[in-house]
Each structure stands twice: as structure tokens, then as C-alpha cells.
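Here the structure comes first, spelled out in C-alpha cells, and everything after it is commentary.
The values are calculated or read from the model by the stated rules, or taken from the named source; none is laboratory data. Predicted model only: the values in this text are computed from it and were never measured. Quick reminder, even Gly has a Cβ in these numbers, built from the backbone with ideal geometry, and neighbours come from all protein chains shown. For accessibility, only protein heavy atoms count, side chains too; no ligands or nucleic acids. Shrake-Rupley method; radii C 1.70, N 1.55, O 1.52, S 1.80 Å.
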Amino acid sequence: MALKLGILGSGKGSNFVSIAEAIQKGTLDAEVVLVGSDFADALILSHAAKFGFATYACPPSQFKTKLEPEIETQLAHELKKAGTELLVLAGFMRVLKRPLLDTFAGKIINIHPSLLPAFPGLKAWEQAWKAQVPETGCTVHLVNDQIDAGRILGQIKVPVQADDTPETLHARIQKAEHTLFPQVLQDITTGKIRI
Ligand code: GRF
């Protein structure tokens, strides 16, 4: 049986598209049951609608980095109601709290644009570029109550080039993300990666 994914994102949704395309191509044996966002006008929701998936937008939040408990509780309820078995954070820019962490304990994964544990937090590609490291990359990891600190499930390394700007580096990392995320998800569905 295909793994039922609930996907959350705040922005342009390119990782979501890579997952949806992998499902269409048949390289990922999963089903998207709901795509949610903390912003009603986020591009990820229009992409999701084009793929024909159900969407859910949270009401506006007064916070920037987390959701009000009642908004997060409702989001968890919607995801559960849709049948989510694995919660996939694809560029969701809020720190998860009890409602989602408890509802999907041990069943939440995130993609981060660095080789964790290096450069957790915001704009990780820019942190790596400023630190002048020769390589960085992307990581898919389990989500716990600490920021970008859960068990690492997969990584791809990306070289930093001498003429890179933060933007060119981020674009190269995103290309790697679009390979890594569907691959890790497929490895979870086959049991190659155990969560
Ligand atoms: C990605 O770089 C991901 O690593 C980070 O947020 C970004 C989301 O990009 N967590 P997109 O919305 O999937 O294009």
C-alpha cells in the first residue's frame, strides 16, 4: 500500500513538485493526501491544486517562526483527517510544537539545505558560503523538538565553487534536494530506511 503523505510548505514548493513528479513517474510509491501551508497565497498550494491534490491553508498567524497552538492543532487535525501517515516538511518555515509533534511522533521528516549537523537554522546555504567551506549539501532528517537536530536519513554533498554567490550555491543545493527527497521517501516506503 502506498505511503500516505501530508506535505507542508511555506514557499515556492519546488521540493513538493519533485515529490509529486516522482509519484507520477512511478519512482515513488506514495500518495499525497493533503498539501498544507501557513500562507494562503503560497505557490506550493497552487502547484498542489494543479496536481489535483487537496490543499489546506492555515489562517494568518501573528507569529513568524511558529503557529498559535490553536492554529497548529487545527492543522494537525486536518492532516490526520486526510489520512497522513508521514508528515513531510518541504520548506515549512515554522518551528513545530506539541500539536504536530505529538500527533505525528517519530513520523515527521524535513529537508534542510546543508550537511547537518553543520549550519542548522536559517539560510544555511549562505552560512556555508560565508564560512568558505569547500562543500556543503542537503540533508533529510527526522524532526524532533530541537531545530534541525533529528536523526539524519540521507544527504547529498554539493561542491562550493570559487565564483559562487549565495544564490548560485542555493540553486545547486536545491537541484540536489530534488533528487534526495523523493529517494529518501522511496527508501522509507520500501523499508530500506527505517523510521
Ligand atoms: C529548501 O531549500 C529546503 O531545504 C528548505 O526550504 C527550501 C524550500 O524550497 N527547508 P521549496 O519551497 O521546496 O522550493
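Below 8 Å between Cα atoms, with a sequence gap of 6+, how large is the relative contact order for the chain in percent? If you can, show how the numbers build up before the last one.
Working: 386 pairs, mean separation 39.4, N = 195.
It rounds to 20 percent for the chain.
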*MRE, 222 nm, helices only [DSSP H, n ≥ 4, -39500 (n - 2.57), over the chain, to nearest 500]*: -11500 deg cm²/dmol
*Express the Stokes-Einstein translational diffusion coefficient of segment 69-122 in µm² s⁻¹, to the nearest whole number, given a Kirkwood radius over alpha-carbon pairs, 25 °C and a viscosity of 0.890 mPa s.*
202
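Rank-order 55-61, 109-115 by packing density, defined as the average count of other C-beta atoms within 10 Å over each peptide's residues, highest first.
On the way: 55-61: 15.7, 109-115: 23.4.
Descending mean neighbour count gives 109-115, 55-61.
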*For Lys97, go through the aspartates and glutamates and keep the ones whose alpha-carbon is under 13 Å away, minus same-chain ones fewer than eight residues off.*
Glu68, Glu70, Glu72, Asp145
_Cα-based Kirkwood hydrodynamic radius, the chain, one decimal, Å_ = 16.8
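How large, in percent, is the carbon and sulfur part of the accessible surface of the chain at a probe radius of 1.4 Å? Display every interim value, and only then the final one.
Numbers: 5350 of 9700 Å².
Roughly 55 percent of what the probe reaches on the chain is carbon or sulfur.
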*Step through the table entries Lys4/Lys64; Lys66/Lys123; Lys64/Lys123, compare each Cα-Cα distance with 20 Å, and write down the pairs that go over it.*
Lys4/Lys64
_Please give the Cα centre distance for segment 21-67 versus segment 83-119, rounded to the nearest Å._
14
_Listed pairs Lys130/Lys192; Lys12/Lys107; Lys25/Lys192; Lys80/Lys157; Lys50/Lys157 exceeding 30 Å between Cα atoms_ = Lys130/Lys192; Lys80/Lys157; Lys50/Lys157
